[in-house]
Amino acid sequence: MCTDPPYHDDVKYGELSEIFRAWAGLDLARLDGEAVVSADGLDTADYEATLEIAFREMRRVLKPDGHLVLSYANREPTAWAALFGALQAAGFTTIGYQVVHAENDADHAKANRRACNLDVILDLVVADGRPLKRFAPPVSRVGAHEDAFCHMLGTFALRVGNLQDTWRETLKHSITTHPFVDKKKA
């Protein structure tokens with residue numbers, strides 16, 4: 001099963017879909033269950049809870065030997081914490097990751113916004129106690145802050161399924177002090 005969950009508060013999917021919903025004659029009111037953080041909608045706790053509900057359903061319908069593969073990109077520690085927390089609460093464990101170039105570097109919508117051009121692709125399975133072979137790619141672009149950032153997150157994601165008590169604080173510190181996020185170090 002493959003998915004690309006909403007990127008916390010980066011992309012307003014509801015707003016992006018309004019033209020298509022209007023064209024289809026659908027209601028333009030806020031969508032129920034939309035998992036996007038906004039001033040007039042969800043907060044991060046709601047976002048995590050909504051993701052958890054979706055991931056629990058994915059787990060329910062996933063074949064016993066199936067994989068959940070998802071793509072994610074964000075600079076916000078709370079976004080990654082919500083994603084990892086929802087995945088673990090839904091009963092998944094990460095067995096591997098890959099970093100991929102997912103966006104157009106010249107996209108005018110991303111210009112001067114310090115947006116992410118790389119995504120972390122996570123490979124997850126149901127956490128059922130069986131021995132798992134994990135994988136991680138080598139860091140390919142030595143010196144590139146975004147690549148190193150994504151590999152740091154992928155490595156952290158390998159803990160999903162076995163996250164310990166202080167993992168949120170550790171993750172927040174790792175993200176906020178990384179040169180890709182910390183403007184003072186960039």
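Nothing in this text is a laboratory measurement; each read-out follows from the coordinates by a stated rule. All of these numbers come straight from a predicted model, not from anything done at the bench. Glycine also receives a Cβ, built like all others from the backbone with ideal geometry; neighbour counts cover every protein chain displayed.
Quick notes on this one:
- Taking amide H as placed 1.01 Å from N in the peptide plane, the amide H of F92 sits under 5 Å from that of A127, each at least 5 places away or on another chain.
- Rounded to 0.05, the FRET efficiency of the H173 and R21 pair, given R0 = 41 Å and the Cβ-Cβ distance, is 0.50.
- Stretchable slack from D123 to R56, in nm (0.36 nm times residue separation minus alpha-carbon distance): 22.5 nm
- Extension reserve of the D43-H67 stretch, reckoned as 0.36 nm per residue once the Cα distance is removed: 5.8 nm
- As a proxy for reagent exposure, ranking T170, T94, T78 by other Cβ atoms within 10 Å from fewest up yields T170, T78, T94.
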